[in-house]
Amino acid sequence: AMGVVYLGKDHKIGREVAIKTLALAQQFEADELAEVKQRFFREAETAGRLSHPNIVTIYDTGEEHDFCYIAMELLKGGDLAPYTRADNLLPLDKVVSITARVADALDYAHRQGVVHRDIKPANMMYHRESDTLKVTDFGIARLTDSSRTKTGMVLGTPSYMSPEQLAGKRIEGRSDLFSLGVTLYQLLCGRLPFEAESMAQLMFKITNEAPADIRTLHPGLAPSLVAFVERSLAKNPDERFQSGEEFGGALRATLSETAASEVDIRL
């Protein structure tokens with residue numbers, strides 16, 4: 001993610017907070033900086049209005065020297081990236097539960113008119129002992145929409161982007177749900193659904209090719225979960241789940257079938 005996170009303290013109330021700093025002046029051309037800063041504060045304000053048990057709470061935003069910052073809730077645990085390795089996967093029921101909670105958070109945000117734009121394991125904070133899950137970085141990817149960064153970097157994380165996001169189209173909530181489908185796939189089997197040697201090849205695969213069949217990587221998956229993953233990664237947004245609520249409900253429903261098929265296997 002863009003920026004560096006520090007541990008801070010709000011001396012008025014003695015609360016420890018996480019402070020994310022963004023060195024926008026180093027990343028954007030001078031003629032665009034004012035607009036980017038304006039967008040940063042607008043996005044942070046919008047994200048700050050979100051109040052949901054599965055979304056990180058934002059307390060404050062500001063500017064100090066060349067840095068913009070966001071002060072937010074300090075979370076225990078870490079992000080989900082370590083659980084995307086094939087040798088360190090979470091149990092299936094936990095993967096389903098976590099992903100469904102992200103869908104709940106997205107459903108709430110989308111109803112408020114907020115699209116995340118950079119859904120991926122690194123933006124999901126998870127504390128295993130207390131089983132708490134929070135989505136972070138709402139609006140940060142928006143900063144760089146239509147902007148020239150000094151490095152010319154692609155904003156958002158290409159492996160998780162929907163076809164319409166890669167095409168530079170106007171995106172809405174269903175694009176976030178595609179990115180969540182990519183995340184679910186990776187949490188289930190430890191591989192990305194679309195892998196390529198170059199950015200151009202990756203964009204072609206996401207836009208035109210079916211994902212690698214998850215059953216070859218995770219043979220025991222219940223058919224309902226396989227079908228769920230395939231639908232979540234549909235190229236056409238109209239063929240995907242249409243809301244976070246629909247995504248979460250359908251995903252939770254696969255668990256009962258999964259449990260039944262595991263009983264069959266044991267028998």
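Things worth noting here:
- Our summary of shape: the Cα atoms of region 4-73 have principal axis extents of 38, 23, 18 Å, ordered from largest down, in whole angstrom.
- Cβ-defined net charge surrounding Phe204, 14 Å radius [Lys, Arg +1; Asp, Glu -1]: -1
- Average Cα contact separation per residue, region 78-262, under 8 Å, 6 or more apart, as relative contact order %: 27 percent
- A Förster radius of 22 Å combined with the Cβ-Cβ distance from Lys235 to Asp213 puts the calculated FRET efficiency at roughly 0.85.
- Cα-based reach from Lys94 at 18 Å (exclusive), listing lysines while leaving out same-chain residues under 8 positions away: Lys76, Lys120, Lys134
- For region 47-71, the residues whose backbone nitrogen is under 12 Å from a point 7 Å from the Cα of Lys12, taken along Cα to Cβ, are 59-61.
- Contact order for region 1-131, expressed relative to its length and based on alpha carbon pairs under 8 Å spaced 6+ residues apart, stands at 24 percent.
- Projected-area average for region 199-255 over all orientations - Cα convex hull basis, square nanometres: 4.6 nm²
- For region 4-73, relative contact order (Cα pairs under 8 Å, six or more residues apart, normalised by length) works out to 34 percent.
- Within region 4-73: Cβ-based charge dipole about Cα centre, in debye rounded to nearest 20 (Lys, Arg +1; Asp, Glu -1): 380 debye
- Simple Cβ-charge dipole of the chain, Lys/Arg +1 and Asp/Glu -1, about Cα centre, in debye nearest 20: 140 debye
- Angle in degrees between helix 173-189 and the longest Cα principal axis of the chain, rounded to the nearest 10: 60 degrees
- Pairs of Cα atoms in region 78-262 fall into 10 Å distance bins, from 0 up to the last occupied one, in shares of 9, 39, 39, 12, 1, 0 percent.
- Region 75-117 and region 180-222 have Cα centres separated by 17 Å.
- Taking the convex hull of Cα positions in region 25-135, its mean projected area over all directions (nm²): 8.4 nm²
- For region 8-49, the alpha-carbon coordinates run over 39, 23, 13 Å along the three principal axes, in decreasing order.
Every number in this text was worked out from the coordinates using simple rules, so none of it is lab data. Treat the numbers as computed from the prediction; the structure is a model and nothing was measured. Note that we place each Cβ from the backbone using ideal geometry, even for glycine, and neighbour counts take in every protein chain shown.
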